[in-house]
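Encoded as structure tokens, the structure appears first; notes follow it.
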Amino acid sequence: MENLEDILKHKFKNPELLKKALTHGSVTSKVSENYERLEFLGDRVLGVSIASLLYNLFPHEPEGNLSQRFTGLVCKETVAMVAKTLHLDEFMIVADEDIRNNENVLCDVCEAVIGAIYIDGGVDGAIAFVNKHWRELIDRRVAPPKDAKTMLQEVAHVKGLGTPTYRLVERKGSEHEPTFFVGVSLNGIEEQVGKGHNKKAAEFAAAAKMLEIIQ
């Protein structure tokens, strides 16, 4: 774990917190021994940290632009990418090696590590960690990114295809790792279905598929 502490730039006063943050439910279902509770906490700490960072970095941007930036920075794909950058996949404690490549799990573990740093080093330590590892992602994006749903709505309007409508097609999987299937429809265009770990992610995936067709 010392190598990971060097990567994280945080020396844990309580190393058990880091071990717990890296332990998947496939190893133990005891909530006191796996990352689930820390992930719950870290998710909230990440959100507050990113919101505060954006608020201070872009003092003249309206709420809508800040929200677009926020969504892109806390989404599963971005958090999982940070997890890979920090090599968390290599340090995860799992019962099945395939779990190391699961994007949902990588996101959860990264948030759990943030939660562990918050408990071990306080709010300042957690915010400093998020600022360090997300600041470069913000700097890469001079303009606020447009998500697929926003882009679809704009393109559909220009092409006279009406307003996109979304519907939940199906939900599969367990309560812990569900998969949602959401369809999006436009006038005269075949419905496109996307999937994701929540309804919002599935909507974005469906919108991206529809964009490929109409652009």
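The values are calculated or read from the model by the stated rules, or taken from the named source; none is laboratory data. From a predicted model like this one, the values you see are computed outputs, not experimental measurements. So basically every Cβ, Gly included, is an ideal-geometry build from the backbone, and we count neighbours across all protein chains shown.
Look at (1) assigned by TED's automatic domain parsing to the domain that holds Asp6; (2) out of contact with any Asp or Glu (no Cβ under 7 Å at 6 or more places or on another chain); (3) buried (at least 18 other Cβ atoms within 10 Å of the Cβ) and you find that Leu106 fails only one, number (2).
Looking across the range 80-93, just one residue is among the β-branched types (Val, Ile, Thr), within 15 Å of the chain's Cα centre (by Cα) and buried (at least 16 other Cβ atoms within 10 Å of the Cβ), and that is Val82. The single condition from (1) more than 30 Å from Glu16 (Cβ to Cβ); (2) among the hydrophobic types (A, V, I, L, M, F, W, C); (3) crowded, with 16+ Cβ neighbours inside 10 Å that Phe129 fails is (1). On the stretch given as the range 52-61, residues that are at pLDDT below 90 and surrounded by 15 or more Cβ atoms within 10 Å (Cβ to Cβ) total 1.
Put simply, of Ser29, Ser67, Ser49 the only residue that is within 27 Å of Asp6 (Cβ to Cβ) and small (Gly, Ala, Ser) is Ser49.
The set of residues in the range 185-209 being under 22 Å from the mean Cα position of the chain (by Cα) and either of a type in the set (A, V, I, L, M, F, W, C) or under 11 Å from Lys149 (Cβ atoms) (or both) consists of Val193, Gly194, Lys200, Ala201, Ala202, Glu203, Phe204, Ala205, Ala206, Ala207, Ala208. For the range 160-177, a tally of residues being within 20 Å of Lys149 (Cβ to Cβ), in contact with a strand residue (DSSP E or B) (Cβ under 8 Å, 6 or more places away or on another chain) and not polar (S, T, N, Q) returns 9. For the range 33-89, taking the residues that are without any contact (Cβ under 8 Å) to a residue 24 or more places away in the chain and assigned to a loop (DSSP other than H, G, I, E, B), the one that is nearest to Ala205 (Cα to Cα) is identified as Pro62.
Residues are listed down the side, and each one gets a yes or a no for (1) of a type outside the set (A, V, I, L, M, F, W, C); (2) crowded, with 18+ Cβ neighbours inside 10 Å; (3) in contact with a Leu (Cβ under 7 Å, 6 or more places away or on another chain):
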| residue | (1), (2), (3) |
| --- | --- |
| Asp6 | yes, no, no |
| Lys13 | yes, no, no |
| Thr28 | yes, no, no |
| Glu33 | yes, no, no |
| Glu63 | yes, no, no |
| Leu73 | no, yes, yes |
| Thr78 | yes, no, yes |
| Asn101 | yes, no, no |
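Scanning the range 1-56 for residues that are farther than 15 Å from Ala112 by Cβ, in contact with a His (Cβ under 9 Å, 6 or more places away or on another chain) and hydrophobic (A, V, I, L, M, F, W, C) returns a single hit, Ile7.
Residue by residue, here is whether (1) at pLDDT 90 or above; (2) touching a helix residue (DSSP H, G or I) at 6+ places or on another chain (Cβ under 8 Å); (3) closer than 21 Å to Val82 by Cβ holds:
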{"position": "Ala128", "(1), (2), (3)": "yes, no, yes"}
{"position": "Pro145", "(1), (2), (3)": "no, yes, yes"}
{"position": "Thr150", "(1), (2), (3)": "no, yes, no"}
{"position": "Lys172", "(1), (2), (3)": "yes, no, no"}
{"position": "Glu175", "(1), (2), (3)": "no, no, no"}
{"position": "Ile189", "(1), (2), (3)": "yes, yes, no"}
{"position": "Gly194", "(1), (2), (3)": "yes, yes, no"}
{"position": "Lys200", "(1), (2), (3)": "no, no, yes"}
{"position": "Ile214", "(1), (2), (3)": "no, yes, no"}
